[in-house]
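The values are calculated or read from the model by the stated rules, or taken from the named source; none is laboratory data. Note that the coordinates shown come from a computational prediction; the quantities given were computed from them, not determined experimentally. Note that each Cβ is placed from the backbone with ideal geometry, even for glycine, and that neighbours are counted across all protein chains shown. Ligands, DNA and RNA are excluded from the accessible area calculation, which covers all protein heavy atoms including side chains. Shrake-Rupley method; radii C 1.70, N 1.55, O 1.52, S 1.80 Å.
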Amino acid sequence: MIDRIDRKILRELQADGRITNQALAEKVGLSPSPCLRRLRKLEDDGVIRGYTATVDQDLYGLPINAFVSVRLTRQTEDEISEFDRAIADCEEVLDCYLMTGTRDYLLRVVASSLEAYERFLKTRLTRLPCVGSIETSFALGTIKKTAVYPVLSD
């Protein structure tokens, strides 16, 4: 179980993954050795799954964000597994959620252009026999995007 100090460590790392242990320790109110021990335990326990760089999506060349609602033909275990396997292999799909409500999945798909998204749709998604219907909404802009989790009250 993680405690308040662990959460402080995690928030600081989410805000700046390249922070030094010395600076991290100062920000969370620990000396460097106990801070490093806690950090290693968070890594060993799988709370911290890795480190990554935050890349500007537009400058990378993928300005299109498509939010895709997918309904399967049937919600059987086999069709869910088939869809999950197929989506896992799609690099264009950055996020995929199994949903409640009228749709079965919500995907965030990135593309370099509307034509590139159309190709993805025609060559990948619509070819899955388990897909019954697809509805796409395009983001006009990004208002807020963060990877920093909110503070929990203890």
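Ranking 93, 24, 143 by how far each Cα lies toward the positive end of the dipole of the chain (charges on Cβ) leaves 24 at the top.
With contacts taken as Cα pairs under 8 Å and at least 6 residues apart, the chain reaches a relative contact order of 27 percent. Remark on the chain: hydrodynamic radius 18.4 angstrom, per the Kirkwood mean of 1/r across alpha carbon pairs. Counting only protein chain heavy atoms and rolling a 1.4 Å probe, the accessible areas of 126, 52, 102 rank, largest first, as 52, 102, 126.
Rounded to the nearest 500, the 222 nm mean residue ellipticity of the chain from helices alone is -10500 deg cm²/dmol, with -39,500 (n - 2.57) taken per DSSP H run of at least 4 residues. Placing +1 on the Cβ of every Lys and Arg and -1 on the Cβ of every Asp and Glu, with nothing else charged, gives the range 7-102 a dipole about its Cα centre of roughly 820 debye. At q = 0.27 Å⁻¹, what log₁₀ I(q)/I(0) does the range 44-86 have when each alpha carbon counts as one equal point scatterer in the Debye sum? For the range 44-86 at q = 0.27 Å⁻¹, log10 I(q)/I(0) is -0.89. With the simple spin-label model, which puts each label point 7 Å out from Cα in the Cβ direction, the residue 42 to residue 133 separation comes to 4.4 nm.
The heavy atoms of residue 96 present about 50 square angstrom of accessible area, all protein chains included, probe 1.4 Å. Exposed loop positions in the chain were taken to be trypsin sites (Lys or Arg not before Pro) whose DSSP state is not H, G, I, E or B and which have at most 12 other beta-carbon atoms within 10 angstrom. Between these positions, the longest stretch is 75-126. Charge tally around residue 113: other residues with Cβ under 15 Å, Lys/Arg +1 each, Asp/Glu -1 each, net -2.
Fraction of C-alpha pairs exceeding 15 angstrom in the range 54-125: 56 percent, rounded to a whole number.
Within the same chain, aspartates and glutamates fewer than 8 places from residue 8 are excluded, and of the rest, those with a Cα less than 14 Å from its Cα are 16, 26, 154.
Whenever you get a sec, compute what percent of the accessible area on the range 43-154 sits on carbon and sulfur atoms (1.4 Å probe). About 52 percent, which is the carbon plus sulfur part of the accessible surface. As a calculated quantity, the FRET efficiency between residue 91 and residue 14 at R0 = 30 Å, using C-beta atoms, amounts to about 0.80.
For residue 99, the amide hydrogen comes within under 5 Å of the amide hydrogens of 105, 106, counting only partners 5 or more places away or on other chains and with H modelled in the peptide plane.
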